[in-house]
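The values are calculated or read from the model by the stated rules, or taken from the named source; none is laboratory data. Please read these numbers as outputs of a predicted model, since none were measured by experiment. Ideal geometry is used to build each Cβ from the backbone, glycine not excepted, and the neighbour counts take in all protein chains shown.
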Amino acid sequence: MNPFDIIPDTHGQSAKLDAALAVLGWRRSALGWTHPDPDRQIVFLGDFIDRGPDNRAVLKTVRELVDAGKAKAIMGNHELNALHFHTMHPDDGQPLRAHSPKNIRQHRTFLDQFPPGDPQTRDVLDWMRSLPLFLEEDGFRAVHACWIDASLDRLKTLTGNGVLTEEQLIRAADRDEADEMFILAEQITKGPEHRLPEGWSFTDKDGTERDHVRLQWWNAAARTWRDIAISVPSIEGLPDENLPETLSAQTYPATARPVFFGHYWLSGDPVLQAQNALCLDYSAGKEGPLVSYDMSDLAGPLSKDKIRVHPAIS
């Protein structure tokens with residue numbers, strides 16, 4: 001298997017992406033992209049668009065590398081959202097993702113460069129449709145937000161290679177009916193949530209009371225709700241009781257091959273989430289640095305020493 005650079009969410013930050021690629025040894029010339037190691041490749045973890053100022057340049061770079069066989073890319077929730085935003089339901093002609101002020105605001109920097117209906121917009125959306133929701137190599141796996149074996153096994157059964165058909169893309173937007181494809185796509189691109197035991201809730205950082213928590217699906221050692229919850233201001237407000245067996249079974253096995261993911265807008269010094277699980281998203285879409293991983297030692301365990309933190313330039 002080839003050595004890889006693993007690169008997470010770039011969110012239209014072309015300057016950060018260009019700087020990281022240069023440090024990693026990648027060069028663009030009239031003949032295309034090259035690296036001193038001709039066998040080396042890149043895996044991009046999705047979320048190429050929105051937030052940052054230059055969606056077009058990021059997409060151009062990623063597509064060039066993929067088209068040249070130098071990189072592989074998977075779909076993030078922002079690509080899935082974009083496809084739903086720009087796709088009309090065949091039954092009622094309405095967009096699969098509502099054109100609400102919130103959704104337009106989140107999608108603004110993409111819309112500024114890729115207006116609806118423009119031929120270049122249609123071209124880049126067609127490319128997004130070709131992206132799989134996961135990637136498996138001999139020595140590792142890649143997904144945008146969550147790898148739960150049962151969910152990925154079901155997705156493989158439905159899609160084969162993780163690429164959604166047009167009919168599956170439409171079903172993946174069917175929140176009202178809680179279609180199976182919607183549930184799978186939500187979990188894989190946005191991460192799992194679970195309702196707390198009856199009578200329990202917490203107040204989030206915005207003062208909203210919530211009875212669902214986001215889960216550390218990578219934490220195979222989690223035994224209680226306090227162990228497994230993330231994005232909770234104070235875990236003392238959660239039940240200190242054992243998880244249901246069905247939920248414990250959804251964590252990533254400690255013996256599974258390493259999995260790389262993004263999505264979670266982490267901050268601070270990068271750490272391994274588990275010995276075989278690593279989130280590389282450290283908020284490059286805003287002020288944070290772009291963080292990558294050098295997957296050259298294909299047989300060894302994940303190591304913090306192979307994490308590369310690139311300057312948080314703007």
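Report yes if Thr203 is farther than 23 Å from Asp47 by Cβ, β-branched (Val, Ile, Thr) and in contact with a Pro (Cβ under 9 Å, 6 or more places away or on another chain), otherwise no. So Thr203 fits the description; yes.
Residues of the stretch 24-50 that are touching a Phe, Trp or Tyr at 6+ places or on another chain (Cβ under 9 Å) and closer than 20 Å to Ala284 by Cβ: Trp26, Ile42, Val43, Leu45, Ile49, Asp50.
For the stretch 76-98, a residue qualifies if it is in contact (Cβ under 8 Å) with a residue 12 or more places away in the chain and exposed (fewer than 12 other Cβ atoms within 10 Å of the Cβ), and exactly one does: Pro90.
Just name the residue that is surrounded by the most Cβ atoms within 10 Å (Cβ to Cβ) out of those in the stretch 47-68 that are of a type in the set (Lys, Arg) and in contact (Cβ under 8 Å) with a residue 24 or more places away in the chain. Within the stretch 47-68, the match that is surrounded by the most Cβ atoms within 10 Å (Cβ to Cβ) is Arg51.
If you scan the stretch 237-284, which residues turn out to be among the small types (Gly, Ala, Ser) and touching an Asp or Glu at 6+ places or on another chain (Cβ under 6 Å)? Residue satisfying the conditions is Gly262 alone. Within the stretch 200-237, the set of residues being free of Cβ contacts under 8 Å to residues at least 24 places away in the same chain and assigned to a helix (DSSP H, G or I) comprises Arg226, Asp227, Ile228, Ile235, Glu236.
One line per residue, one yes/no per condition, for (1) in contact (Cβ under 8 Å) with a residue 24 or more places away in the chain; (2) in a helix (DSSP H, G or I); (3) at positive phi:
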position: Pro239; (1), (2), (3): yes, no, no
position: Leu247; (1), (2), (3): yes, yes, no
position: Ser267; (1), (2), (3): no, no, no
position: Leu278; (1), (2), (3): yes, no, no
position: Glu287; (1), (2), (3): yes, no, no
position: Asp305; (1), (2), (3): no, yes, no
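Within the stretch 254-264, being surrounded by 12 or more Cβ atoms within 10 Å (Cβ to Cβ) and either of a type outside the set (Gly, Ala, Ser) or not in a loop (DSSP other than H, G, I, E, B) (or both) holds for Arg257, Pro258, Val259, Phe260, Phe261, His263, Tyr264.
Selection within the stretch 86-120: residues that are among the acidic types (Asp, Glu) and part of a loop (DSSP other than H, G, I, E, B). The member of this set that is modelled with the highest pLDDT is Asp118. In this structure, does Ala71 turn out to be surrounded by fewer than 23 Cβ atoms within 10 Å (Cβ to Cβ), in contact with a helix residue (DSSP H, G or I) (Cβ under 7 Å, 6 or more places away or on another chain) and among the aliphatic types (A, V, I, L, M)? Yes, satisfied.
Taking the stretch 149-199 and the helices (runs of 4 or more DSSP H) fully enclosed by it, the elements with 1 or more residues that are surrounded by fewer than 14 Cβ atoms within 10 Å (Cβ to Cβ) and of a type in the set (A, V, I, L, M) are at 149-159.
When Gly139 is tested against (1) at pLDDT below 95; (2) surrounded by fewer than 12 Cβ atoms within 10 Å (Cβ to Cβ), only condition (2) is not met. Of all the listed residues (Asp297, Asp240), the sole one being at pLDDT 90 or above, charged (D, E, K, R) and over 17 Å from the mean Cα position of the chain (by Cα) is Asp240.
Considered as a group, the residues in the stretch 180-203 that are more than 21 Å from the chain's Cα centre (by Cα) and charged (D, E, K, R) include one that is nearest to Gly76 (Cα to Cα), and that residue is Arg195. The set of residues from the stretch 274-296 being among the charged types (D, E, K, R) and in contact with a helix residue (DSSP H, G or I) (Cβ under 7 Å, 6 or more places away or on another chain) comprises just one member, Asp294. Taken together, the residues in the stretch 47-81 that are of a type outside the set (S, T, N, Q) and outside any loop (DSSP other than H, G, I, E, B) amount to 17.
Among (1) outside any loop (DSSP other than H, G, I, E, B); (2) surrounded by 22 or more Cβ atoms within 10 Å (Cβ to Cβ); (3) in contact with a helix residue (DSSP H, G or I) (Cβ under 6 Å, 6 or more places away or on another chain), there is one condition Ala145 misses while meeting the rest; what is its number? Every listed condition holds for Ala145 apart from (1).
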